[in-house]
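Working notes, beginning with the structure itself.
The values are calculated or read from the model by the stated rules, or taken from the named source; none is laboratory data. On a predicted model such as this, the values are computed, not experimentally measured, just so you know. Positions of Cβ are backbone-derived with ideal geometry, glycine not excepted, and every protein chain shown enters the neighbour counts. To get the accessible areas, we keep the full protein, side chains included, count just its heavy atoms, and leave off ligands, DNA and RNA. Shrake-Rupley method; radii C 1.70, N 1.55, O 1.52, S 1.80 Å.
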Amino acid sequence: MLLPMLPTDSVFLTAETRQTPMHVGGLQLFQPPADFGDVHEMFSQLIAETDVAPLFAKRPRRSITTGGQWGWERDDQFDIEHHVRHNALPKPGRVLELLALCSRLHGTLLDRKRPLWELHLIEGLADGRFAIYFKVHHALVDGVSAQRLLQSILTKDPDLRGLPAPWANRPRAPRPDQPANAAPKGLLEVPMDALRGALDIAAEAAGLPQVLARTLGRGLKDQSAPISFAAPKSMFNVPITGSRRFAAQSWPLQRIKAISKSAKVTVNDTVLTICSGALRRYLQQLDALPDAPLIAMVPVALRVKDRHRDGGNAVGAVMCNLGTHLDDPAARLQAVRDSMQDGKQALSSMSPLQIVAMTGLGMSPLILQALPGYTDIFRPPFNIIISNVPGPRSPLYLNGAKLDGLYPLSIPYHGQALNITCTSYDTEIAFGLTGCRRSVPHLQRLLGYLDDELSALEDALGIS
């Protein structure tokens, strides 16, 4: 049976080409316990889990009978060994070799004839650790949901063994607001719920013209909103190739929290400012820094129940002025803070449906940036996507193996050759840089500039 796909999800399939794979990914590093057997044994246990949850067993399909619209159907020939793979690093087995492998894996398309996910179990690190690289199509889940899927199989108990695979068909836990023994809804209640939902949607849609007018007005005034007209042309806003380069590094979260506390800003404001300073240094070194400040699209997750189990996307956006024209790190931090506060205030007056609609409108020019010559004539809708996804706050374990690092990989696109995604875990925050291999040279240097900017902010605020 073919189930309809949400329009917001089908966009990621429609926009996908060989040059622009539309999947997100995650790299996890694990320190094995003393009683750990070997990676091959773990691989055998993983592929033995063939009772697959519906989310992991559905594949996309469209046909004449669906009017050309995308839908989901169950893969009746599901093959676990296609989706779960065993890899080994070449010597000397450094993190450098691991990142190179993930770069190659992240640049390949997922097979649309099958469910849109892969998990790679990786051994061969010289320090004895092993890694998991997991990628999943953005039409299936967004980045926040993908992270929660992986976290759902981890535990705070280092002695717990026999944990299920991420794709295991486990019973759904009852919602906190619904008793476990609640009676099923009567036949009359179901259509009434649907009617109430339809009326809510109709009411929100009726307000869209006013919301659009306000949003366009803010964009024309260079104020923060889901739509921006202020982004300058930059070296990142060009057509890209399908080849990827991935770089990642972690820093103590406490250093960023100390800056945030001293400057009375949010952790996300500090993260954005660190990225701003690093991008400024990087572009200056390449003699490619625009006179006008770069504009970052900052995703904002909306509160929608059961997204990490049912899949789908629920994301809004704020267009943030990064202040890259400012030399003083403290001044850049203030510019980012003011821009984010302004953008959040604009979103606060919208419903989730209206936020999604305005975000889609603000991102719609991305589709046109693949056209030959488009980027030479028109300004980009924004210069870069920077995401900050909060992660687990305490150490986690996978069958006794301690999660030692958590690094996100995201989606570059035509006109958006670099993506920066951050994820916090325990006492660390990881910065994952995913770029077009050809359009973003010397990507590794950005990690050094991130470190420089973190220190520069501490010096500017007098934090030792």
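Does Arg175 satisfy being at pLDDT 95 or above and open to solvent by 20 Å² or more (accessible area, probe 1.4 Å)?
No, not satisfied.
Do you know which of the residues in segment 12-22 that are open to solvent by 70 Å² or more (accessible area, probe 1.4 Å) and in contact with a Gly (Cβ under 8 Å, 6 or more places away or on another chain) is farthest from Thr434 (Cα to Cα)?
Across segment 12-22, the extreme among qualifying residues is Arg18.
Sort out which residues of segment 133-148 are of a type in the set (Val, Ile, Thr) and closer than 21 Å to Thr14 by Cα, and write them in order of number.
Val136, Val141
What residue, among those in segment 297-340 that are on the phi > 0 side of the Ramachandran plot and modelled with pLDDT under 90, is most open to solvent (accessible area, probe 1.4 Å)?
Asp306
When only residues in segment 23-45 that are of a type in the set (A, V, I, L, M) and open to solvent by less than 30 Å² (accessible area, probe 1.4 Å) count, which is nearest to the chain's Cα centre (by Cα)?
Result: Val24.
Please verify whether segment 199-220 includes one or more residues that are outside any helix (DSSP H, G or I), modelled with pLDDT of 55 or more, among the basic types (Lys, Arg) and open to solvent by less than 70 Å² (accessible area, probe 1.4 Å).
no
Look through Gly93, Gly128 and report the one residue that is in a loop (DSSP other than H, G, I, E, B), open to solvent by 10 Å² or more (accessible area, probe 1.4 Å), touching a residue at least 12 places away in the same chain (Cβ under 8 Å) and among the small types (Gly, Ala, Ser).
Just a single option satisfies the conditions, and that option is Gly128.
Only one of these is over 19 Å from Leu403 (Cα atoms) and not in a helix (DSSP H, G or I): Thr65, Thr8, Thr108. Name it.
Among Thr65, Thr8, Thr108, only Thr108 is over 19 Å from Leu403 (Cα atoms) and not in a helix (DSSP H, G or I).
Are any of the residues in segment 390-408 in contact with a Cys (Cβ under 7 Å, 6 or more places away or on another chain), within 30 Å of Gly128 (Cβ to Cβ) and touching a residue at least 60 places away in the same chain (Cβ under 8 Å)?
No; the residues of segment 390-408 include none that is in contact with a Cys (Cβ under 7 Å, 6 or more places away or on another chain), within 30 Å of Gly128 (Cβ to Cβ) and touching a residue at least 60 places away in the same chain (Cβ under 8 Å).
For residues that are of a type in the set (A, V, I, L, M) and in a helix (DSSP H, G or I), tally how many sit in segment 142-164.
Adding up the residues that qualify gives 4.
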